[in-house]
Amino acid sequence: MGRQPQLRRHDPVLATTPHRLQEHGPLGPAFWLYGRNEWEPLHQALTNRDDWRAW
């Protein structure tokens, strides 16, 4: 097997479920970014509102 990439402190970690994707679609609030309090659309979840120090 190849070498696994290492996560850096500021790499975003997203989660979703098939149910949320089916319900909201890929442009709807189907993504959870760890460290935030709500489900968001992908483009919003990846927006760096506060930068890495917010974590």
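The values are calculated or read from the model by the stated rules, or taken from the named source; none is laboratory data. This structure is a prediction, so every number in the text was calculated from the model and none was measured. A quick note on method: Cβ atoms are made from the backbone with ideal geometry, for glycine too, and the neighbour counts reach across all protein chains shown.
Overview of values
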| quantity | calculated |
| --- | --- |
| Single residue of segment 1-16 satisfying the filter (in a loop (DSSP other than H, G, I, E, B), loosely packed, with under 13 Cβ neighbours inside 10 Å and in contact with a Phe, Trp or Tyr (Cβ under 7 Å, 6 or more places away or on another chain)) that is modelled with the highest pLDDT | Val13 |
| Tally, over segment 17-26, of residues that are surrounded by 10 or more Cβ atoms within 10 Å (Cβ to Cβ) and either part of a helix (DSSP H, G or I) or under 13 Å from the mean Cα position of the chain (by Cα) (or both) | 6 |
| Residue count, segment 37-55 (criterion: among the charged types (D, E, K, R), outside any helix (DSSP H, G or I) and at pLDDT below 85) | 3 |
